[in-house]
Amino acid sequence: MLTTERHQLILNLLKEKQSIKIQELVELTSASESTIRRDLTELEDLHKLERVFGGARRIAQNMPEPSLSDKAAKHLSEKLRIARYAASLVQTGDAIFIDAGTTTAQMIPLLKDKDVTVVTNGLSHLEALTEHGITAYLTGGFIKARTGALVGPQAIQSLESYRFDKSFLGVNGIHIDHGFTTPDPEEAAVKRRAGELAKSCYVLTDQSKYGQVSFAHIFNLSEAALIIDGLPEETVEEIERQTTIKVVTQ
């Protein structure tokens, strides 16, 4: 099989599936492992794919932003596990920022007995915060109908009144090279400032966001600890070179 034919086969396979292993390609093409590795390197240099341990995966760019209801319905058990661990990091009397989002929302019922003060830009968080008797402040800003987040200059300005023990943020993408990302630059700016104003910053997300890249950069991996559900060991090791990661399995 010619080089161009192998390259096209690899790209066609990645259109059908998120990732592919080197051994699969060896069997499909009858080429040597060293030849397949060279093919993958050449295609990565052309920005056609991304090399990962043992294979390659499709590059995902500029993900569209799902609605709040879309997000809430996905990966619920994983979100509950992640939120449970995140809530365990909160100490009695802490002042914390809870970002708008469906994973961070799962933390709220778990904080009711900790005498914490919460600042949030999540309009949808208010009912749960009130129901559980948690002292809460809402930022100002423009309301994003799709996500229920308050964003814009007024949201940033109101954050300047506070300092946090911990900030808990949601993201749409996690990538070794591109860091933490989200579709909306205004929402990214709020997340970034909330993280900067905290002694400790945590990103909460399920593993489906790993390897994804969205439009607006929030910050690099090194600027926040990551709380996530199951990832391959080689991926965890790769992330650990840049930041603290906690993989929650139960």
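The values are calculated or read from the model by the stated rules, or taken from the named source; none is laboratory data. What you are looking at is a predicted structure, and each value in this text was computed from that prediction instead of being measured. Cβ: placed from backbone, ideal geometry, glycine included. Neighbour counts: every protein chain shown. Note: areas computed on protein heavy atoms with side chains; ligands, DNA, RNA excluded. Shrake-Rupley method; radii C 1.70, N 1.55, O 1.52, S 1.80 Å.
Side notes on the structure shown:
- Over the chain, relative contact order from alpha-carbon pairs under 8 Å, at least 6 apart, %: 16
- Accessible surface of the chain, 1.4 Å probe, proportion on carbon and sulfur as whole %: 50
- Ranked by how many other beta carbons lie within 10 Å on average, peptides 237-250, 211-224 from highest: 211-224, 237-250
- Cβ-based charge dipole, the stretch 105-250, positive-most Cα from Gln250, Asn121, Asn220: Asn121
- Protection proxy ranking for 159-170, 16-27, 179-190, using the average of other Cβ atoms within 10 Å per residue and placing the highest first: 179-190, 159-170, 16-27.
- Cα-based reach from Lys144 at 28 Å (exclusive), listing lysines while leaving out same-chain residues under 8 positions away: Lys71, Lys74, Lys79, Lys112, Lys166, Lys191, Lys199, Lys209
- Three-way shape call for the stretch 93-209 based on the alpha-carbon gyration tensor, with the a/c threshold at 1.5: rounded
- 5 angstrom amide H check on Gly55, placed H, neighbours 5+ away: Ile22
- Note on the chain: the C-alpha convex hull projects to 13.8 nm² when averaged across all orientations.
- Cα gyration tensor category, rounded, prolate or oblate, for the stretch 154-250 with a/c compared to 1.5: prolate
- Gyration tensor (alpha-carbon) shape descriptor, the stretch 120-168, a/c threshold 1.5: oblate
- The magnitude of the dipole of the stretch 174-243, with charges of +1 and -1 set on the Cβ of Lys/Arg and Asp/Glu and taken from the Cα centre, is near 360 debye.
- Total charge dipole magnitude, the chain, about the Cα centre, Cβ charges on Lys, Arg, Asp, Glu only, Debye to nearest 20: 300
- Accessible area (Å², per residue) of the chain, counting only protein heavy atoms and a probe of 1.4 Å: 48
- In this Cβ point-charge picture (+1 for Lys and Arg, -1 for Asp and Glu), the stretch 148-213 has a dipole of about 200 debye about its Cα centre.
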